[in-house]
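**Student:** I have a structure I would like to understand better, so I am pasting it below and will then ask my questions one at a time.
The values are calculated or read from the model by the stated rules, or taken from the named source; none is laboratory data. Computed from a prediction, not measured in an experiment: that's the story for all the values here. Positions of Cβ are generated from backbone atoms using ideal geometry, with glycine treated the same way; all protein chains shown enter the neighbour counts. Only protein heavy atoms, including side chains, enter the accessible area calculation; ligands, DNA and RNA are left aside. Shrake-Rupley method; radii C 1.70, N 1.55, O 1.52, S 1.80 Å.
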Amino acid sequence: MLFGGRSHPELNDEVAERLGVDLTPMRAHEFANGELYVRFDESVRGCDAFVIQSHTAPINEWIMEQLIMVDALKRASAKRITVVMPFYGYARQDKKHQGREPISARLVADMFKTAGAHRLMAVDLHTAQIQGFFDGPVDHLWALPILADHVASQYETANMTVVSPDAGRVRVADVWADRLGTPLAIIHKRRDPNVANQVKVHEVVGDVEGRTCLLVDDMIDTAGTITQAAEALIANGAARVIVAATHAVLSGPAVDRLKNSSIREVVVTNTLPIADERRFDTLTVLSIAPLLARAIREVFEDGSVTSLFNGNA
């Protein structure tokens, strides 16, 4: 049985259509003080439950709704509960950078375990170590095949360089370079630890002059990293810059920064909803629903999720 939260109904409907099932009817509302209420209109006893919710803004509300949905399923005797989160909220808080900080990504995993989840499924976690935060199976899905196929169909890869916007994404960028058969470049940057979302780009390591540069990242939040990286590449002689990222958070000034940048195309997936007013001419949105539907079917049929990625996930 498939259950969809209210954060991204379009994605829920597309996944349900590809699976050939109907979303289980659900009543959900807020009380006057903001408390959430959820009730399913059909029996779920003994079912294999998949609960989809993408953690978009207001992120705390949608995480709480998904937790309540899981608790309701547990108390209604669902046999197995798989939490499907296309975008894992708080994933960036996966370690302590300074003393007296939380590790909120671990807290989120603990809450879902306590609520009754048996399994987690997420797309492109900020760091792979988050898989170890949950005491149970975690299916870490990659959007890379979807994004890479689009890039390969639209651009000549013979003159392309894959670029990692920082040291933390080098491993993923290396996988991209292997798939597309291109060289790899890295942008060395430094963040100000006392100022959120402030990035200082330093230098480009690798051959980018006269080449099409593909910047790859897991998410675009305020777009500061990506736009500054694009400027650094252009300053180092890149012919053009395109961007591929899984999660289009697009907070605050992101849309204006991307529209006013020298980036030729921004390719993302619909793991998060993107309102019409947040879309722009150079934005391309690809559907993640086929990947989610295939992974859900593999889990339901006790198949192999890893086989979807040639054994690499």
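**Student:** Can you pull out the residues in the stretch 144-163 that are among the aliphatic types (A, V, I, L, M), out of contact with any helix residue (DSSP H, G or I) (no Cβ under 8 Å at 6 or more places or on another chain) and over 12 Å from V267 (Cβ atoms)?
**Tutor:** First pass over the stretch 144-163, keeping only residues among the aliphatic types (A, V, I, L, M): 144, 146-148, 151-152, 158, 160, 162-163.
The next check asks that each one be out of contact with any helix residue (DSSP H, G or I) (no Cβ under 8 Å at 6 or more places or on another chain); those that pass are 147, 158.
Of everything in the stretch 144-163, just one residue is among the aliphatic types (A, V, I, L, M), out of contact with any helix residue (DSSP H, G or I) (no Cβ under 8 Å at 6 or more places or on another chain) and over 12 Å from V267 (Cβ atoms), namely A158.
**Student:** A239 fails exactly one of the following numbered conditions: (1) of a type in the set (A, V, I, L, M); (2) over 18 Å from A57 (Cβ atoms); (3) open to solvent by less than 10 Å² (accessible area, probe 1.4 Å). What is the number of that condition?
**Tutor:** If we test A239 against (1) of a type in the set (A, V, I, L, M); (2) over 18 Å from A57 (Cβ atoms); (3) open to solvent by less than 10 Å² (accessible area, probe 1.4 Å), just (3) comes out false.
**Student:** Also, I was wondering about something else. Name the pairs whose Cβ atoms lie under 9 Å apart, with the first residue in the stretch 122-138 and in contact (Cβ under 8 Å) with a residue 12 or more places away in the chain, the second among the small types (G, A, S) and open to solvent by 60 Å² or more (accessible area, probe 1.4 Å), and 6 or more positions between them or separate chains?
**Tutor:** H126/G168; T127/G168; V138/G132
**Student:** Also, quick follow-up: Scanning the stretch 242-255 for residues that are in contact with a Ser or Thr (Cβ under 8 Å, 6 or more places away or on another chain) and buried (at least 24 other Cβ atoms within 10 Å of the Cβ), which turns out farthest from A289 (Cα to Cα)?
**Tutor:** A248
**Student:** Going through the stretch 256-312 one residue at a time, which ones are open to solvent by less than 50 Å² (accessible area, probe 1.4 Å), within 23 Å of V243 (Cβ to Cβ) and in a loop (DSSP other than H, G, I, E, B)?
**Tutor:** Within the stretch 256-312, S261, N270, T271, L272, P273, I274, A275, F280, T282, S287, I288 qualify.
**Student:** Which ones in the stretch 13-48 are in contact with a Phe, Trp or Tyr (Cβ under 6 Å, 6 or more places away or on another chain) and surrounded by 13 or more Cβ atoms within 10 Å (Cβ to Cβ)?
**Tutor:** If we filter the stretch 13-48 for residues that are in contact with a Phe, Trp or Tyr (Cβ under 6 Å, 6 or more places away or on another chain), which is where we start, we get 24, 26, 29, 48.
T24, M26, D48, listed by residue number.
**Student:** Considering only the stretch 11-44, state which residues are farther than 19 Å from A76 by Cα and either of a type in the set (S, T, N, Q) or part of a helix (DSSP H, G or I) (or both).
**Tutor:** Across the stretch 11-44, the qualifying residues are L11, N12, D13, E14, V15, A16, E17, R18, L19, N33.
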